[in-house]
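**Q** There's a structure below that I have some questions on.
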Amino acid sequence: MAEQNGIYKCNVCGNIVSVLDAHAGTLVCCGQPMQLLTPKTSKDEGREKHVPVIEIKGKKVTVKVGSVPHPMLDSHYIMLVQLVKGNEIVNGKRLKPGDKPEAVFTVEDTAGIKARDLCNIHGLWISD
């Protein structure tokens, strides 16, 4: 069964999918089950490059990827930044090479908010 709001990757072709509504069944691509990406934290690498850093000022939430800006090259970049609260995705922004590795959101209730980002090479990361 797919995981609600899970992000899955095909280990053959590299397709990536985000589950909006989970039901029974297995996500399959290229004849193989897709891999559920498990979010990594600062314990996996430290805060320098991939872990999202959240700044909250009133209802404005700024998410910067890493305490040192993540590269945004054609070969290595952040694809997605999302705000999460519990098991729900609050908001998200897709990024592409050349963009600034950050996203700004307006959120009514920031209590318990976390951020996650997806690096095209190093996978899924979540704030502490």
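Rule-based calculations on the coordinates, nothing more; no lab input. Note that the structure is a prediction, hence the values are computed from the model and not measured. We place every Cβ from the backbone using ideal geometry, glycine too, and count neighbours over all the protein chains shown.
**Q** Only Lys, Arg, Asp and Glu count, each charged at its Cβ (+1, +1, -1, -1), so figure out the dipole size of the range 42-126 about its Cα centre, rounded to 20 debye.
**A** About 160 debye.
**Q** What 222 nm value per residue comes from the helices of the chain, counting each DSSP H run with n ≥ 4 as -39,500 (n - 2.57) and dividing by all residues, nearest 500 deg cm²/dmol?
**A** -500 deg cm²/dmol
**Q** Cut-off under 17 Å on the C-alpha distance; same-chain residues fewer than 8 positions from residue 59 excluded. Which aspartates and glutamates are left, in chain and number order?
**A** 102, 108, 109
**Q** Below 8 Å, C-alpha to C-alpha, sequence gap of six or more: please give me the relative contact order for the chain in percent.
**A** Once normalised by length, the contact order is 24 percent.
**Q** Another question about this same structure. Just how far, in whole angstrom, is the range 61-90 from the range 16-39 if you go by their alpha carbon centroids?
**A** Centre-to-centre (Cα) distance: 21 Å.
**Q** Between [x] 51, 29, 24; [y] 43, 29, 22; [z] 46, 32, 26, which entry matches Cα extents along the principal axes in Å as derived from the coordinates of this structure?
**A** Computed from these coordinates, Cα extents along the principal axes in Å corresponds to label [z].
**Q** If amide hydrogens are placed 1.01 Å from N in the peptide plane, which non-local residues have theirs closer than 5 Å to the one on residue 92?
**A** Excluding prolines and chain starts, which carry no amide H, the hits are 83.
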